[in-house]
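The values are calculated or read from the model by the stated rules, or taken from the named source; none is laboratory data. Everything quoted here is computed from the prediction, not taken from an experiment. FYI the Cβ positions are ideal-geometry reconstructions off the backbone, even for glycines, and counts take in every protein chain you see.
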Amino acid sequence: MSSFPLLFDLGARRPTTRDVADLVKSGGTAALTEAERRADAATYQEVTCRSALNPVKGMPFNWTLNPYRGCTHGCHYCFARRYHVQFEMNADDEFASVILVKKNFVDVLARELDRPAWTHEHVAFGTATDPYQPIEGHYKLTRHAIAALARARTPIGLITKGPMVVRDRDVLGDLTRAAGCTVYMSVPTVDEDAWRTLEPGTAHPLQRLRAVRELVDAGVNAGVLMAPVVPGFSSSRAKIERTIKAIADHGARFVGCNVMYLQDGTRTHFLKFIAREFPAMLPRFEKLYTKKYPPDWYRKEIQAMVKVLQGRYGVTRREEAEKTPEPVEAAEPEQVGFAW
Ligand code: SF4
């Protein structure tokens, strides 16, 4: 991989994501003739990035970091699917099988963090792709980026479904001591059918929970996001209860939850997937998702159920862990009955 041939003749540099998008637009992904197809059947295209820290607006954080684009975990509900369209690729198979690797990511990040103007603001790591998808084992971009963030005393929150994060507990520990670090392990459900169906490229949910335990044991602030709960697949009370119990049993420092939302390319992909694999469920999804989010009553019902169960199993709510306290319930509310 070190002597990676160029995608097309650009002199001594690798193509940018824009170059890749232009080429794919004219010739499809088949035009990425020099990209490398690896044993996992995905194609990896090295690119040059001009910046690593990405400014964002309207979020609880102002900066994001994503060393890769596309994700071989291939979750059908993934909100980041729609971003692949920026590269003239589709939000279906190409999102999970054509991965862009920002080869110079760590050098660019280190330069940005060295700037006197850098204010050491909190950075969200892994917002558009999983930083611990399998190819990270080869490139180690995430690992070296965390080390650079520790040197620059810049705090992060990192979200992943990859147990490989345990490999980096040493640098995560360094960052924890230098500036602060929270790892959000995404485990939407421990239900095996839902996992196999919705997250075809990810590690088993219990393997992810064991990774949480190992991080916590190593002194890293690690918890779980049930992100997302998918109506009809992982939304029953029994499945949510089993998941929260497993999260508590593995020593997670906190748990959060959100309900799936569907937007743009992600919406198109997910509804196509349902129509193909579970046609009987399609009318219910179409009814529930007339907009990007399901109706308020639905989300509130899920959140209420999760809140009851968090209390029952004694696992801290994410909001409390992030120090935005809410009134504590004096007594457990009525059991919430929920079917779909
Ligand atoms: S692991 Fe995360 S980024 Fe990757 S496909 Fe699943 S939801 Fe998307």
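Observations on the model:
- Only residues that are out of contact with any Asp or Glu (no Cβ under 8 Å at 6 or more places or on another chain), assigned to a loop (DSSP other than H, G, I, E, B) and more than 10 Å from the ligand (Cβ to nearest atom) were counted in segment 72-99, giving 3.
- All conditions in (1) under 14 Å from the mean Cα position of the chain (by Cα); (2) aliphatic (A, V, I, L, M); (3) surrounded by fewer than 23 Cβ atoms within 10 Å (Cβ to Cβ) hold for Leu53, with the sole exception of (1).
- Residue in segment 226-235 that is modelled with pLDDT of 95 or more and farther than 27 Å from His84 by Cα present: yes
- Any hit, segment 208-219, residues being under 26 Å from Ala179 (Cα atoms), under 17 Å from the mean Cα position of the chain (by Cα) and charged (D, E, K, R): yes
- Residue in segment 108-157 that is farthest from the ligand (Cβ to nearest atom), counting only those that are in a loop (DSSP other than H, G, I, E, B), among the small types (Gly, Ala, Ser) and in contact with a Leu (Cβ under 8 Å, 6 or more places away or on another chain): Ala152
- Matching entry among Gly201, Gly162 (being within 14 Å of the ligand (Cβ to nearest atom) and at pLDDT below 95): Gly201
- Arg115 vs. criteria in contact with a helix residue (DSSP H, G or I) (Cβ under 9 Å, 6 or more places away or on another chain) and over 23 Å from Phe270 (Cβ atoms): no
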